[in-house]
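The values are calculated or read from the model by the stated rules, or taken from the named source; none is laboratory data. Please read all numbers here as calculations on a predicted model, not as lab measurements. Please note: Cβ atoms are built from the backbone with ideal geometry, for glycine as well, and neighbour counts cover all protein chains shown.
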């Protein structure tokens, strides 16, 4: 039997074959996957065309001299927390939102997403929960789930193990990209947008600390109001509502998605040569989960800030006179944004 | 430390951070990856823009009313053969070529590719060999390797284990897609293009049979001229040279990539309702590897034809009067094409 089966939004009969899951369940799963895929399809998705790939009409996109921007990502070992907690419908959203934020940080509007699911043996309900997560993430961001691949490889993965990869394509007018992340100046303001938790970074260190502390995922955290499972699986936030209205705002000089590498690894990517960022760690309250990991794990401040987002998932570099206006717009879009520092002559990230 | 690191053709300083491989090797690997990525970059790849994603200019593509066609895939457990043989530079080409063929079967011209590499612990030479394979596959097909993600997850993968996913995006004029795979008629000819071996399908069954027979990968096969390793790792053939010149040829009525599901699972996707294919198994010589698997594994003809390509990796459905001309064109492009059947009223695939 074939090991991989594809799901293509473009084909009338999605090629979710008999092999990815047991024969007896294949037809039912195919129907459920098809419904989920269709729930994300806007008018640009051309059903019934192609046949071996998903089809997305780009011809009427409003962007002048359009440039496609693409990115690939995974969710790291957040997957292992999902598995331990038996919660499989959120990691797909994590991955879509992560990919969307990478495009936003590149100045692009996201168009469509494809997924790869690899597993030892994929239980039907787990498979559907994973694709439900992708579909919900796509719907929430206005993306099409254009296709995907599901592979069962019992000799490569443990029976219950799975891994996910995501792939996103967006579009931007060329002129925007030519200024994007290239025009920050000294005295520009760095606005920090609140994260929902760890997002998808630092899970190796976080899991190790949690395990060493002997906590159970269904226990309440010491700071209360949520279980460990809820705290560790909080969905990676999409900053689309806050950032999409700013894509053509000339007061926005750069944007950074705070992922692996933290501020130091990501904020400089939003800056031209000759300038750096001076950040003030006291400008926001570090959420209790990060403080707990630092204390319980004996993790230095320096390492914490290279591994984790510390409560700020996305940075906007904005002209000083526009900072209040843009922060207010973010708040209206549901994203708390605060001044966390300034652009200075130099390079990299320094802490005040 | 972060678990995932991205490689983006669009950024001046590719974000291959310190985490994907050991710190001491990170800079060197970053340089080697950067060279490989750049070796695939044509003028459409906009280096230095974006920053969190690869950038590909689509604005000057010649296609009228352009439609993007995208597909995701893996290489299945061919990876395990690569690992056993210690040969890591070919599976990347397998994956690129597989993805390219899926786009060709959809009527699209491939533009760019992104990869996902997940591993337990990624040796530097293995990582570079994998990306070398992606880069060579992309160069050979004229694609840009626009980005990728490398993730080390020792708690999810065995130390030496890795998995690969690939994502491809192509483009087609909308008018082509509206006729593609939708206009075959009775008496049209099915041309079969020779495969190079198993391509990327059926490896679970093939490996099981090889293991049960107790052969060693470095032994010569019974039919001679190649070792088992060479036979099992023969690179998935790209049909781009044969099919690209035919994308706007109205005599080409449909195209099918013979992958998982074999002829029955794939050829009908190239046909409209009301017609099927009548194929003649005697029209080509089944290569010895398939005959050996069938005999040694006691695999029925029916199962063989659902799992394997049996020596035909791609099918073209062509107007009868154009069959000789198109077959000659394929041969000139280096792809042997033979008549393997006809389109008939009905549905699915029947065998003469």
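For the reader, a short list of remarks on this structure follows.
- Number of positions in the range A:162-212 that are in contact with a helix residue (DSSP H, G or I) (Cβ under 8 Å, 6 or more places away or on another chain), assigned to a loop (DSSP other than H, G, I, E, B) and under 20 Å from residue A:99 (Cβ atoms): 7
- Among residues of the range B:98-151, those that are part of a helix (DSSP H, G or I), under 13 Å from the mean Cα position of the chain (by Cα) and surrounded by 22 or more Cβ atoms within 10 Å (Cβ to Cβ), counted: 13
- Scanning the range A:58-77 for residues being more than 20 Å from residue A:161 (Cβ to Cβ) and either part of a strand (DSSP E or B) or within 7 Å of chain B (Cβ to nearest Cβ) (or both) gives a total of 10.
- Selection status of residue A:297, closer than 28 Å to residue B:6 by Cα and within 21 Å of the chain's Cα centre (by Cα): no
- Test: residue in the range A:225-239 that is more than 20 Å from residue A:75 (Cβ to Cβ), surrounded by fewer than 17 Cβ atoms within 10 Å (Cβ to Cβ) and more than 25 Å from the chain's Cα centre (by Cα): no
- When the range B:219-269 is limited to residues that are in a strand (DSSP E or B) and within 13 Å of another protein chain (Cβ to nearest Cβ), the one that is farthest from residue A:151 (Cα to Cα) turns out to be B:253.
- Of everything listed in (1) on the phi > 0 side of the Ramachandran plot; (2) surrounded by 24 or more Cβ atoms within 10 Å (Cβ to Cβ); (3) out of contact with any helix residue (DSSP H, G or I) (no Cβ under 7 Å at 6 or more places or on another chain), the single unmet condition for residue B:86 is (2).
- Verdict on residue B:81 being in a helix (DSSP H, G or I), in contact with a helix residue (DSSP H, G or I) (Cβ under 8 Å, 6 or more places away or on another chain) and at pLDDT 95 or above: yes
- Sub-7 Å Cβ pairs linking a first residue in the range B:279-293 that is assigned by TED's automatic domain parsing to the domain that holds residue B:225 to a second residue that is modelled with pLDDT of 95 or more and exposed (fewer than 15 other Cβ atoms within 10 Å of the Cβ), at least 6 apart or interchain, are B:288/B:223; B:292/B:222, ordered by first then second residue.
- Taken over the range B:172-203, the residue count meeting the criterion of being within 9 Å of another protein chain (Cβ to nearest Cβ), touching a residue at least 60 places away in the same chain (Cβ under 8 Å) and surrounded by fewer than 20 Cβ atoms within 10 Å (Cβ to Cβ) is 2.
- Selected residue (only one of A:237, A:207 is touching a strand residue (DSSP E or B) at 6+ places or on another chain (Cβ under 8 Å) and either in the same structural domain as residue A:133 (by TED's automatic domain parsing) or at pLDDT 95 or above (or both)): A:237
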